[in-house]
Amino acid sequence: MKLGSGPGNRVYATRGLTVGSVTARGEFEPRGDLPNPRVPFSGKQRVNFGPLNRWRTRRLLSPFTGWYTTTNVWAVADGVLLATVGHHLYRSVDDGRSWSHVRELPFDSGPMGSLPTSVCVADGRVFLAEYTFETEPARVLVSEDDGASWRPYLETRDHRHFHGVFSDPYSDTVWATAGDTDEESAIGRLEDGAFRPVGTGSQRWRAVGLAFLPDAVVWGMDCSYAEEVRLFRLPRDAVGEQAPRPEQIGTADASVYYAETVSVDGEEWVALATAAESGVDDTSPAGSVNTCSRSARVLVAGSDSNYEAWHELCSFDRRRTVNEHVSGLPDASAYVFIESTGRGELLVNPFNTATRHGEVLAFGPDDLSALR
């Protein structure tokens, strides 16, 4: 099971081509299946759609490749869901029971089509950041009818691709993250059909997820070859400066991917999830090596420490595979997907890990408070 997103207390997930919800006990409750899209493409792609995306196939391949995922799901309105399977985009208007294919994303998109952080809702519009490689420009799409139809919001060659789009709960703005080289890496905002970087030009501005606080934005570096992966805080009063300098508030031993905030008894906690990546970043400088730990972790910090005392909430080692010992064969990274709920819980979903793979673990207010 791979965690998706959901409003309030309802959280969605995928299991192969099946979309469902996560019960209060962390169990997967299936709702409907994502169909093979009725679009003209080559026979090989049609054959691959079912076998390569089904849970049973992934299970058979997992000793060799590790567990990989090709699906995402997001809730964008009451009963309206979006999902991707590779570069196919789907929409459901009955809470995931039935699905229609609404758009093809670029063929050179990543395995999931877009990253889990690539959809947000703001001001009655849905934004989707494509995750393309090399041949297509970096692009953000926008929908004004809950995902039924789409048009380009912006295109740029200044960045390789966008990692995510995020609605800022404390301001009427949409933020985005982009990568991957120093020059391509940026954190900024979407304004008037353009991406306007707040900061850019180095790996400190290469991020996937963002955590929003009343007075700051928090993230961690997405850099698997850095000698030190740093965690940063940018005060809101520094946004708009010509060359803002984010404050370093901690370190991690692997790239940071996902970010959430959790409110517990009036205190805001920030959770950052790292990834145990495999292989060497193909945009890294010549001679670089992967410096990531083999463990994917969830790090948390509370407002009582001004987000400077980081605690390890949990960690999971990446699953060992046959392919990691054979050069040139695919070997999946390990991730921890996270989602906060309206119950003051943080849901943690380790994926491609030696233990607890695919489970959804709930950490409640008492678990966080105990870390003080």
Just checking, which of 285, 365, 350, 330 is closer than 24 Å to residue 227 by Cα and not hydrophobic (A, V, I, L, M, F, W, C)? 285
Inspect the range 323-335 for any residue being open to solvent by less than 30 Å² (accessible area, probe 1.4 Å) and assigned to a helix (DSSP H, G or I) and give the result as yes or no. yes
Identify all residues within the range 336-372 that are open to solvent by 30 Å² or more (accessible area, probe 1.4 Å) and on the phi > 0 side of the Ramachandran plot; write none if there are none. 356
Residue selected from the range 115-142 under the condition in contact with a Ser or Thr (Cβ under 7 Å, 6 or more places away or on another chain) and touching a residue at least 40 places away in the same chain (Cβ under 8 Å), by the criterion most open to solvent (accessible area, probe 1.4 Å): 121
Per the filter on the range 252-261, residues β-branched (Val, Ile, Thr) and within 14 Å of the chain's Cα centre (by Cα) are 256
Mind listing whichever residues of the range 82-103 are open to solvent by 20 Å² or more (accessible area, probe 1.4 Å), of a type outside the set (A, V, I, L, M, F, W, C) and closer than 13 Å to residue 128 by Cβ? 87, 91, 103
Of the criteria (1) among the polar types (S, T, N, Q); (2) touching a residue at least 60 places away in the same chain (Cβ under 8 Å); (3) over 30 Å from residue 327 (Cα atoms); (4) crowded, with 22+ Cβ neighbours inside 10 Å, which one residue 71 fails: (3)
Collect the residues in the range 154-172 that are among the hydroxyl-bearing types (Ser, Thr, Tyr) and open to solvent by less than 30 Å² (accessible area, probe 1.4 Å), keeping them in residue-number order. 156
Determine which member of the set 22, 47 is of a type outside the set (S, T, N, Q), modelled with pLDDT of 90 or more and either more than 20 Å from residue 127 (Cβ to Cβ) or open to solvent by 30 Å² or more (accessible area, probe 1.4 Å) (or both). 22
When the residues of the range 262-279 are narrowed to those that are farther than 21 Å from residue 178 by Cα, surrounded by fewer than 16 Cβ atoms within 10 Å (Cβ to Cβ) and in contact (Cβ under 8 Å) with a residue 24 or more places away in the chain, which ends up nearest to the chain's Cα centre (by Cα)? 263
Within the range 249-280, residues being assigned to a loop (DSSP other than H, G, I, E, B) and within 19 Å of residue 305 (Cβ to Cβ) number 2
Name the single residue, out of those in the range 280-319 being under 18 Å from residue 352 (Cα atoms) and charged (D, E, K, R), that is surrounded by the most Cβ atoms within 10 Å (Cβ to Cβ). 318
In the range 173-223, which residues are of a type in the set (Gly, Ala, Ser), closer than 22 Å to residue 252 by Cβ and open to solvent by 30 Å² or more (accessible area, probe 1.4 Å)? 201, 202
Pairs with Cβ under 7 Å, 6+ apart, first in the range 232-244 and over 24 Å from residue 300 (Cα atoms) and in contact (Cβ under 8 Å) with a residue 24 or more places away in the chain, second part of a helix (DSSP H, G or I) and small (Gly, Ala, Ser): 244/238
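The values are calculated or read from the model by the stated rules, or taken from the named source; none is laboratory data. No experiment lies behind these values; they were computed from the predicted model shown. All Cβ positions, even for glycine, are placed from backbone atoms using ideal geometry, and neighbour counts span all protein chains on display. Surface accessibility is based on the protein's heavy atoms, side chains included, excluding ligands, DNA and RNA. Shrake-Rupley method; radii C 1.70, N 1.55, O 1.52, S 1.80 Å.
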